[in-house]
Amino acid sequence: MTLTLTKEKLVEIYMKMLEIRFFEEKVFELYAQNLVPGTIHLYAGEEAVAVGVCGNLRKDDYITSTHRGHGHCIAKGAELKRVMAEILGKKTGYCKGKGGSMHIADFSIGMLGATAVVGAGIPIAVGAGLSIKLRDTDQVAACFFGEGASNQGTFHESINMAAIWKLPVIFVCENNLYAMGTRQSRVMAIKNVADRATAYGIPGEVVDGNDVLAVYEAAQKAVETARKGEGPTLIECKTYRHKGHSRIDLAKYRPKEEVEEWLAKDPIKRFKEKLLQTNTLVEAEIQQIEKEVSAEIEEAVKFAMESPYPAPEEASEDVYA
Amino acid sequence: MRKISYREALREALREEMRRDPTVFLLGEDVGRYWGGAFKVTEGLAEEFGDERVRDTPISESAIIGAAVGAAITGMRPVAEIMFGDLTALAMDQIANQAAKIHYMFGGQVKVPLVIRTPFGAGVNIAAHHSQSLEAWFMHVPGLYVAVPSTPYDAKGLLKTAIRGSNPVFFCEHKLLYPIEGEVPEEEYMVPFGIADIKREGADVTVVATLYMVHKALNAAEELEGEGISVEVVDPRTLAPLDKQAIIKSVKKTGRIIIVNEDCKTAGVSAEIAAVVAEEAIDYLDAPIKRVAEPDTPIPFSPPLEQYVIPDEKAIINAVKEVV
Ligand SMILES: Cc1ncc(C[n+]2csc(CCOP(=O)(O)OP(=O)(O)O)c2C)c(N)n1
């Protein structure tokens, strides 16, 4: 990773990654205390992907997200307290408690929503790209999805469509090696999802998804290409989820050595070391940032916990516009 | 008699049929040795039958069902699992246009002995994409059978019938039923399609219910018994074929009918059953037909919202009291 960005930008990137990590740790803690209804899919370990990509996006750019979507929301600039409130099922959440952890959206910042149907967000990003083209603006749309999702028809149909129409879409595959208990090698005859780009005539690139600056650089190039009207890119970020697939999954299907190897490649730890080594930040500044982020998370939790649940009858609202 | 869970009953049916017939095999996402199915129905089967016959698939619902159809018309008996009922939407063409129509469209040349297992139902706060009850979609497709077992006994017996049959069967399960225990004999038995089961006899009101709603109907019946109202609970067990005669027979006895189902009310399962009663048994009715179903909304996430939309015992009791 090279450090060509301003200190301000580097700090912003670091803070965003920490926000996601601390947020997810808090969600896990609340889940363990039975305060989170339903299920959770934590993003811890994959922070560099969302932050590296969204670091290149403007507020009016779009993203689509997945069941593992808290990190995407936060990276795109969603308010922590309203994300947390949604996860707890509160009226003050982004979706008034209708969506929950797997279905958060904030249209005011171009976050077009998370879908719990694997692969379903990909064509929606293509639609956003089509709309950008028809409206003739220089926005872009990025979609996040797992390597598991890249075996859905929607992935193939979407990339082909974006390619033929040269749409401003960035396809971001978060390859964390497993889809639930299924290792990639058991469901794909190729090593790199990015290789599939060739079949559709678009650029495909593999990056170290635990190196936030590598992701940033790859996304920067893809975003520039898209903004210039030169079409879509597929970026595959090799990464790893720190926890199991969802709530109670202990991920026993992952070899211990593999988990340890990836934990050692923790994207936040690596970036922090880089910032310290290059004297971009000193230890005291890091600690200050950590303190600030912790306080933000506490505030978000307090807001969410103190917020009311929606009234039962609200279930019938918003079915039609 | 021994008691086992609904989950174990399904697993026993799969195991027995796989032992009996080497053409039976399972496919689906994470059905194999690493997970054993999202709801653990297939746990342990890969260990016994191997990864070839208990086959983990990519996340490709359309190809899972398509591949099952292709295998079914060429000599195999696939049992495909779709992890959540909502996700059958991704495979709808293969289910409704291919599996269901091949026998008819090709003039009866080939059979499609295929089972699609999937869980429906709300109640665990997993929101709009993982909680629906969509049985009615599949009832609407000629050529498909639709099974809706509510007990471990029915689950095992119906699944065995489904696997041995000659037609595509859409086999509905319910998330909240998996841990429920019930009596299941050690010896082999089958539950035929198109034969309803009277889950409780009664004289004043007929309540037709399926899947998890059968249990809520039985709870409601118990409570109403204390108030001197005798409820008969009829469980169709398969929606296609539908045992119209059993429903009509019960209506002739009670003169009143409540239909309870967990899907949205409009054009739902209860609409079809109500229409059958209206067409064929209206003269026996002493009160209007009542339906208890979900309001026409997606399933919301937040617990108070979700509880509001799922039909409960109180709604059933209220409906009964409106007609007696
Ligand atoms: C269409 C569809 N099929 C199956 C599921 C069940 N499911 C939820 S997450 C998941 C694994 C997804 O893997 P991947 O796309 O790699 O994302 P990851 O969970 O690894 O982030 C599965 C199978 C679903 N939600 N939607």
Query raised in the report: How far apart, in nm, are two points set 7 Å out from the Cα along the Cα-to-Cβ line at B:His140 and at B:Glu186?
Result: 4.7 nm
Query - On Cα atoms only, tilt of B:244-254 relative to the major axis of chain B in degrees - result: 20 degrees
Query - Mean separation of Cα contacts under 8 Å (6+ apart) over length of chain A, as relative contact order % - result: 23 percent
**Report entry** Residue (of B:Ile248, B:Tyr189, B:Ser150) at the positive-pole extreme of chain B, dipole from beta-carbon charges
**Finding:** B:Tyr189
**Report entry** Where labels lie 7 Å past Cα in the beta-carbon direction, separation of B:Ala275 and B:Arg15 in nm
**Finding:** 4.2 nm
Query - Distance histogram in 10 Å bins (all Cα pairs of chain A, percent per bin) - result: 6, 27, 35, 24, 7, 0
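Shape call for the range B:117-156 from the C-alpha gyration tensor, a ≥ b ≥ c root eigenvalues: rounded (a/c under 1.5), prolate (a/b greater than b/c) or oblate? Write down the numbers at each step before the final one.
Details: a/c = 3.23, a/b = 1.23, b/c = 2.62.
Cα axes put the range B:117-156 in the oblate bin.
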Requested in this report: Please build a GNM for chain A, connecting alpha carbons under 10 Å apart, and tell me which residue among A:Leu88, A:Leu80, A:Leu250 fluctuates the most.
Outcome: A:Leu250
**Report entry** In degrees, nearest ten, helix B:6-20 long axis to first principal axis of chain B (Cα)
**Finding:** 40 degrees
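Per residue of A:93-105, count partner chain C-beta atoms within 10 Å of its C-beta, then hand back the mean as an integer.
Mean shielding by partner chains, rounded to a whole number: 5.
Distance cut-off 28 Å, Cα to Cα: go down the list B:Lys40/B:Lys160; A:Lys59/A:Lys221; B:Lys40/B:Lys265 and report the pairs above it. Before the final figure, lay out the partial values.
Details: B:Lys40/B:Lys160 18 Å; A:Lys59/A:Lys221 18 Å; B:Lys40/B:Lys265 31 Å.
Cα-Cα > 28 Å for B:Lys40/B:Lys265; rest within.
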Report summary line: When the charge dipole of the range A:7-308 is computed with +1 on Lys and Arg Cβ and -1 on Asp and Glu Cβ about the Cα centre, the Cα farthest towards its positive end, among A:Gly153, A:Gly89, A:Pro308, belongs to A:Gly153
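Go ahead and estimate [θ] at 222 nm for chain A from helices alone: -39,500 (n - 2.57) per DSSP H run with n ≥ 4, summed, over the residue count, rounded to 500.
Numbers: 12 runs with 145 residues, N = 321.
After summing the helix terms and dividing by the residues of chain A, the value is -14000 deg cm²/dmol.
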Report task. With runs of 4+ DSSP H residues as the only contributors, calculate the mean residue ellipticity of chain B at 222 nm using -39,500 (n - 2.57) per run, divided by the residue total and rounded to the nearest 500. Result -> -10000 deg cm²/dmol
Query raised in the report: So, counting K/R as plus one and D/E as minus one, what does the shell of residues with Cβ under 14 Å around A:Val49 add up to?
Result: -3
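Using the eigenvalues of the Cα gyration tensor, what equivalent ellipsoid semi-axes result for the protein assembly as shown when each is taken as the square root of five times the eigenvalue, whole Å, largest first? Mind showing how you got there, number by number?
Details: eigenvalues 439, 156, 101 Å².
Calculated on Cα positions only, the semi-axes equal 47, 28, 22 Å.
Given a Förster distance of 51 angstrom, what is the FRET efficiency for A:Ala264 paired with B:Tyr104, based on the Cβ-Cβ distance and rounded to 0.05?
On the way: r = 59 Å, r/R0 = 1.16.
Here the calculated transfer efficiency is 0.30.
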Query raised in the report: Once both axes come from the Cα atoms, what is the angle between helix B:61-72 and the longest principal axis of chain B, in degrees from 0 to 90, rounded to 10?
Result: 70 degrees
Query raised in the report: Calculated FRET efficiency, B:Glu222 and A:Thr280, Cβ-Cβ r, R0 51 Å, to nearest 0.05?
Result: 0.15
Query raised in the report: Taking square-rooted eigenvalues a ≥ b ≥ c of the alpha carbon gyration tensor, is the range B:3-183 rounded, prolate or oblate, where a/c under 1.5 means rounded and, failing that, a/b exceeding b/c means prolate?
Result: rounded
Requested in this report: Provide Rg and Dmax in Å for chain B, with only Cα atoms included in the calculation.
Outcome: 19.3, 57
Query raised in the report: Considering only DSSP beta bridges whose two residues both sit in the range B:3-183, what percent are antiparallel, to the nearest 5?
Result: 15 percent
Report summary line: per DSSP, antiparallel bridges as share of beta bridges in the range B:197-323, % nearest 5, sits at 20 percent
Report summary line: the range A:7-308: antiparallel bridges as % of DSSP beta bridges, rounded to 5, reads 10 percent
Requested in this report: Select from chain A the helices, each a whole stretch of DSSP H, whose alpha-carbon atoms run 24 Å or more along the helix axis and whose Kyte-Doolittle mean is at least -0.5; answer none if there are none.
Outcome: A:7-32, A:283-306
Requested in this report: Quote the charge dipole size of the range B:247-296 about the Cα centre in Debye, to the nearest 20; the model charges only the Cβ of Lys and Arg (+1) and of Asp and Glu (-1).
Outcome: 320 debye
Query raised in the report: Given H placed 1.01 Å from N in the peptide plane, which residues other than close sequence neighbours of B:Gln132 have an amide H under 5 Å from its amide H?
Result: B:Asp86, B:Gly121
Report task. Over 21 Å, how big is the tail of the calculated P(r) for the range B:197-323, in percent of all Cα pairs? Result -> 33 percent
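Any read-out appearing in this document is the output of simple, stated calculations on the displayed coordinates, not a laboratory observation. Note that the structure is predicted; figures quoted are calculated from it, not measured. Here the Cβ is made from the backbone with ideal geometry for all residues, glycine too, and neighbour counts use every protein chain on show.
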